[in-house]
Amino acid sequence: MRLSTVFATFLVWYMSLVTAISNKRLLELSQKDGNVIKLNSKNYEKILNSPRKSDIVVFFTATATQFSCTLCLEMSPSFDVVANSWFSDHANGISKELENHGLFFAKSDFNAESKQLFSQFQLTSVPAFLVFKAGGKSINDVEKITVATELGANHLNFLADNIKNAVQIPDLFVYEPINWGACITTVVTVAIVTFVLVRYTSALLNVLTLRPLWGIACSFCITTLIAGAMFIKIRGSPFSGMSADRKSIVYFLEGQLQNQYAIESQIITVLYSVLASSFIGLICVVPYIQKWYQKKQHYGKAAIVNFSLALFFTAVIYIFYSALMAVFALKNTGYPFKLFKNPFK
Amino acid sequence: MKQSTLLALEGFQTVLKALIFIAIFGVAISSRLFSVIRFESIIHEFDPWFNFRATKYLVSHSFYEFLNWFDDRTWYPLGRVTGGTLYPGLMTTSGAIWHILRKIGLPIDIRNICVLFAPAFSGFTAWATYEFTKELKDSSAGLLAAAFMAIAPGYISRSVAGSYDNEAIAITLLMVTFMFWIKAQKTGSILYSMLAALFYFYMVSAWGGYVFITNLIPLHVFILILMGRYQSKLYSAYTTWYAIGTLASMQIPFVGFLPIRSNDHMAALGVFGLIQIVALGDYIKSQVSGERFKVVMFISLGLIISIGISGLFFLTYMGYIAPWTGRFYSLWDTNYAKIHIPIIASVSEHQPPAWPSFFFDNQFLIWLFPAGVFLLFLELKDEHVFVLAYSVLCSYFAGVMIRLMLTLTPIICVTGAIAISKLFDIYLDFSVALSTKSPKDVKSVKLDKEKKETSDLEQEDDDYEAELVVDYEPSSKARWFDITAKAVVSSTFLMYLFLFVYHCTYVTSNFYSSPSVVMPSQNPDGSVALIDDFREAYYWLRMNTAEDAKVAAWWDYGYQIGGMADRTTLVDNNTWNNTHIAIVGKAMSSPEEKAYEILKAHDVDYVLVVFGGALGYSGDDLNKFLWMVRISEGIWPDEVKERNFFTGRGEYRVDADATKTMKDSLMYKLSYHDFPSIYPNGVGHDRTRNQKITNNEVGPLDYFEEVFTSEILLVRIYKLKSPDSLGRDHGEAAKFDRNLQSGVKKRLVKKPELELRV
């Protein structure tokens, strides 16, 4: 009886010794997975549910397309950058300033293999970050960190700040990697541009002094701006949405004057461009063609061409303007005006 | 044609123009009167209440007292150097009108002058737009532009009756300044550029947005120089404008030495320097040979630009030149404000507008705008460059900040009018139908034309319209085709113009004519009911509190409390002191006992909160609450944490799921105090956030007592309890009382039943 108790105690002690995860083991794991340990339902108990001497930052994500978690996809590289920066300074994963205090990174992607892990922490939304602090005894010693970022923002800064705050390791520095691809592209582009500039200076000058070209560029720039391009850039609106029953794609945020999807701007840019160019057609193209025919003494033809072109442009304007009004009525519910009424409805 | 017929026609045109102008004035003014007719002659929104209060101060004091006004009734206990920190243009103008009207025997209440100020000036804006557009094309385009300007909702949004804001006068001045600038630049006349400078001064005195002019005119000059279109006309116009305008603008106390010390103004100074060099270069060019001039030019330009830029950097680094202001930064770096200045990002008019806003404010002018810009490019006279720079720059600005839609609207009206008038030039010209020339005449005219064309190809574009008319004697069939095409095109566009008028009236009437102090709503039977809770509450404050009582409320209501209740406020819409605003935010987001301490330390007597839950008013304090938290977190990151106000799932909730920090916060308690108990089953329904509130969530209020709640619970006013008579802490005292009460209840039960003695 007594012996068994002693044995049981010994066993528990031994077990804890074995299960306590050493920094060395963590380092092995992270080296195997390329600095970020991959967690799934099988290995998480071993790694997280034991006394530890290191901070472990875990990034929960869902990259599968059916979740359409753009933020997850955007944040993933930033997380890798933080991990890589840490290991480039500390090859063994141990802080140089805090004695025997390590920092490791892990990541778990939501799929059949890691489902259990997600339910363990009752995670209902991704991306999520959990920090298992050094000195914690079990899987329940956990702290959730909220990374206040949004689509399209520079996630690295937010992420690095939040992780630094959570783990309190003074020598965690983040190095933004040099984007060699972009560098090479820039160099090549600059080279090509300089070459073209030097080789074809006079031709380029001719092009650059073409007024209609400038006019088109400016008008197009204005068109995109008044179609809400800046809104999308600042707010990072999603491209389009899903209907409430998740069955069809929605292109317009109906009934909202102050909000929009990205695709709305593209549709509106096209509408505005067609309207504006047809209008310019009415003013510049029609008289020009008429004059051209008249110069050739084809007076009858001139009249007919003038007539048909003018009617064509007017019809295009009417159709696209009615479309614009209809789209606007979608956004502004209760808008009383429309240009076109479907007679069959 | 005979001389007399021509004269008669001209006279007829003048009369017609005058009539059109009277009509435009009438339309501009009357379409802005919806709010006065529907509600009453009342000042709208928030900022106008300050302007109104300042104007009242101006007419009851002297002008110098006004400029030296130290206001101890706002920003308590700091006070505000109001005279030195406001743009006095608006107040002095209405003050002057008031004095003039009194002199001629029309003593009109200053409130009515303030209410009707914006509509009256919108008429002048239409006139300035006419003159401006006339310089660009002709008077018919000008008339169209004036009519558009009179009714475009983008401008009406800030100039309805009662919207007594700086913008009400600023847009008028903007257009007048631009008009004189275009005239000056075209003629080189010193008189016109001086007038431009004077109106620029007036503009500086009226609105902070003057920086737009400060940068746009130099940009115009700079582009002209780059295009090689430098002329001595440009030199005299710009230097006159810059010298007089800058000196004059420095006379405004609030502006002071900014024009030579702030980066916002450096572009104007830089172009001023550049044009001197260009003028010198122009002179040298006329003296030396071309080759040598090139060398001289390149070396001197390189030297000057490098010296200028490094000098600018050096002076900024040394602190002689102030770096760009926060609002300016947030225009270029769109994420800047969100990270560094939450107080700017929190204002709804600093948000980017989605595309419907553009269409809403300009209707079909918005797609004529790019077309008009393109048409101007085909001509590209010097003055057109100005419009193009304005268009591109301002559509970017309006895309970033919704409030700058106001400065975009004039140019949309101008370019739209130019486009439409070009269309009408071609398609409303039915003179073919009247043509009675014999074929012989035409032949000779045509031959002349052709000769001219071969000699001067450049002229071709300008002449084709004339050619069209006199070219040949059209057959009756061709004539029919021509007339039909013209009739169809022009009639559809007349229809669009009609639609535009309807749209503008609809938008103005339904969206831009609400005073937001009084809100319209509907009774169940469909009749109109007015929600007048704000004025009810402010009037209560005015009548029932001590004259020197201090009221703590979120800064949005500061001007209204000052204007309508005439009580001292801690913070107001001036937002000059972020820390002070953060103090109020901290009090609102702290637990009751801490909030009481903070507010007592600031000598506050009353706390006012706006609660829309009972009504479904979305602009209430709980919806703004996160900004209070954010702003105070910026100052005290250790004490206030935004995260604690969100549930574990990251939601902003106020019902049973709300976090403890949320439920303990003063704002929560003041908003929901006794709210559930007015519902029959004790479950309050917050209609703004669509959540259920029960008495379990709303803790007892120990340090504050409710003194006033308006009819629909929109405004709630609480008084800070005066110190306990036994010197106890209020929390302890209340706890003690509660225990006592429950004790009393128990004792009551124990009481022997007293039966009626017989």
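How do the peptides B:557-570, B:670-683 rank, highest first, by the average count of neighbouring beta carbon atoms within 10 Å per residue? Let's see the in-between values first.
Numbers: B:557-570: 23.9, B:670-683: 15.9.
Descending packing order for the listed peptides: B:557-570, B:670-683.
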About the Cα centre, charge dipole magnitude for the protein assembly as shown (Lys/Arg +1, Asp/Glu -1 at Cβ), debye: 1420
Shielding score for B:643-651, defined as the mean number of other chain Cβ atoms within 10 Å: 2
Radius of gyration and maximum dimension Dmax of the stretch B:475-531, Cα, Å: 22.2, 69
Shielding of A:282-288 by partner chains, average beta-carbon count, 10 Å: 5
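Taking N as the number of residues in the stretch A:210-331, what value does Rg over Cα atoms divided by 2.2 N^0.38 Å take? Intermediate values should be presented prior to the final figure.
Details: Rg = 19.3 Å, N = 122, 2.2 N^0.38 = 13.7 Å.
Scaled against compact globular proteins, the figure is 1.41.
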Bridge type composition, chain A - antiparallel percent by DSSP, nearest 5: 50
Inter-probe distance in nm under a simple model that places probes 7 Å from Cα toward Cβ, at B:ASN544 and B:GLN276: 6.6
Using alpha-carbon coordinates, inclination of helix B:592-601 to the longest axis of chain B, degrees: 70
Neighbour-count order for A:VAL131, A:VAL250, A:VAL6, B:VAL629, fewest beta carbons within 10 angstrom listed first: A:VAL6, A:VAL250, A:VAL131, B:VAL629
Long pairs among A:LYS233/B:LYS381; A:LYS53/A:LYS96; A:LYS301/B:LYS137; B:LYS641/B:LYS663; A:LYS295/B:LYS477; A:LYS301/B:LYS381, criterion Cα-Cα beyond 23 Å: A:LYS233/B:LYS381; A:LYS301/B:LYS137; A:LYS301/B:LYS381
Positive-end extreme of charge dipole, chain A - chosen from A:LEU330, A:ALA166, A:ILE192 (charges on Cβ): A:LEU330
Helix axis angle, B:365-379 relative to chain B longest principal axis, alpha carbon, degrees: 30
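Once the piece of chain linking B:ARG292 and B:PHE254 is laid out straight, how much longer is it, given 0.36 nm per residue of separation minus the C-alpha distance between them? Walk me through the numbers before you get to the answer.
Numbers: separation 38, 0.36 × 38 = 13.68 nm, distance 4.84 nm.
The B:ARG292-B:PHE254 span can extend by a further 8.8 nm.
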Ranked packing of B:107-118, B:637-648, most packed first, by mean Cβ within 10 Å: B:107-118, B:637-648
Equivalent ellipsoid dimensions for the protein assembly as shown as semi-axes, Å, which come from the Cα gyration tensor, largest first: 60, 41, 32
Label-to-label distance, nm, for residues given as A:SER308 and B:ASP729 (7 Å Cα→Cβ offset): 9.1
Helix B:382-400 vs. chain B, principal-axis angle (Cα, 0 to 90°, nearest 10): 20
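Test of understanding: ordering A:VAL58, B:VAL278 by Cβ neighbours within 10 Å, fewest first, what list do you get? Walk me through the intermediate numbers first.
Values: A:VAL58 23, B:VAL278 18.
Fewest-to-most ranking of A:VAL58, B:VAL278: B:VAL278, A:VAL58.
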Sorted by Cβ density within 10 Å, fewest first, the residues B:ASP525, B:ASP655, B:ASP724: B:ASP525, B:ASP724, B:ASP655
CD proxy at 222 nm, helix term only [per DSSP H run n ≥ 4: -39500 (n - 2.57); per residue of chain B; nearest 500]: -19500 deg cm²/dmol
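Suppose a student asked you for the relative contact order of chain B, using Cα pairs under 8 Å spaced at least 6 residues apart; what percent would you report? Mind dumping the intermediate values first?
Values: 1073 pairs, mean separation 90.6, N = 758.
Once normalised by length, the contact order is 12 percent.
List the pairs from A:LYS291/B:LYS134; A:LYS137/A:LYS164; A:LYS24/A:LYS107; A:LYS46/B:LYS660 whose alpha-carbon separation is above 25 Å, in the order I gave them.
Numbers: A:LYS291/B:LYS134 28 Å; A:LYS137/A:LYS164 22 Å; A:LYS24/A:LYS107 19 Å; A:LYS46/B:LYS660 35 Å.
In this structure, A:LYS291/B:LYS134; A:LYS46/B:LYS660 lie more than 25 Å apart at Cα.
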Cysteines, chain A, no other Cys beta-carbon under 4.7 Å: A:CYS183, A:CYS218, A:CYS221, A:CYS284
FRET E, pair A:LYS164, B:LYS285, Förster distance 60 Å, beta-carbon r, rounded to 0.05: 0.50
Summed side-chain charge close to B:ARG542 - residues other than B:ARG542 whose Cβ falls under 12 Å, Lys, Arg +1, Asp, Glu -1: -1
Chain A, relative contact order in percent, only Cα pairs under 8 angstrom and at least six apart counted: 13
Virtual spin-label span in nm between B:ASP657 and B:SER516, 7 Å along Cα→Cβ: 3.1
Calculated diffusion of the stretch B:253-292, Stokes-Einstein form, Kirkwood radius summed over Cα pairs, 10 °C and 1.306 mPa s, µm²/s: 130
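Rounded to two decimals, what is the ratio between the C-alpha radius of gyration of chain B and 2.2 N^0.38 Å? Mind showing how you got there, number by number?
Numbers: Rg = 32.4 Å, N = 758, 2.2 N^0.38 = 27.3 Å.
Normalised by 2.2 N^0.38 Å, the Cα Rg of chain B equals 1.19.
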Packing-based order for B:491-498, B:685-692, using average beta carbon neighbours within 10 Å, highest first: B:685-692, B:491-498
Mean projected area (nm²) of the alpha-carbon convex hull when the stretch B:529-743 is viewed from all directions: 13.0
Number of partner chain Cβ atoms within 10 Å, mean per residue of B:358-364: 5
Kyte-Doolittle at least 1.6, axis length at least 20 Å by Cα - qualifying DSSP helices, chain A: A:180-199
Residue among B:PRO370, B:GLY256, B:LEU726 farthest towards the positive dipole end of chain B, charges placed on Cβ: B:LEU726
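Determine the relative contact order of the stretch B:507-639: mean sequence separation of Cα pairs under 8 Å and six or more apart, normalised by residue count, in whole percent.
19
Only the coordinates and a few stated rules stand behind these numbers; no lab work does. Just so we're clear, the structure is a prediction, and the values are computed from it rather than from any experiment. For neighbour counting, all protein chains shown are included, and Cβ atoms are generated from backbone atoms with ideal geometry for every residue, glycine included.
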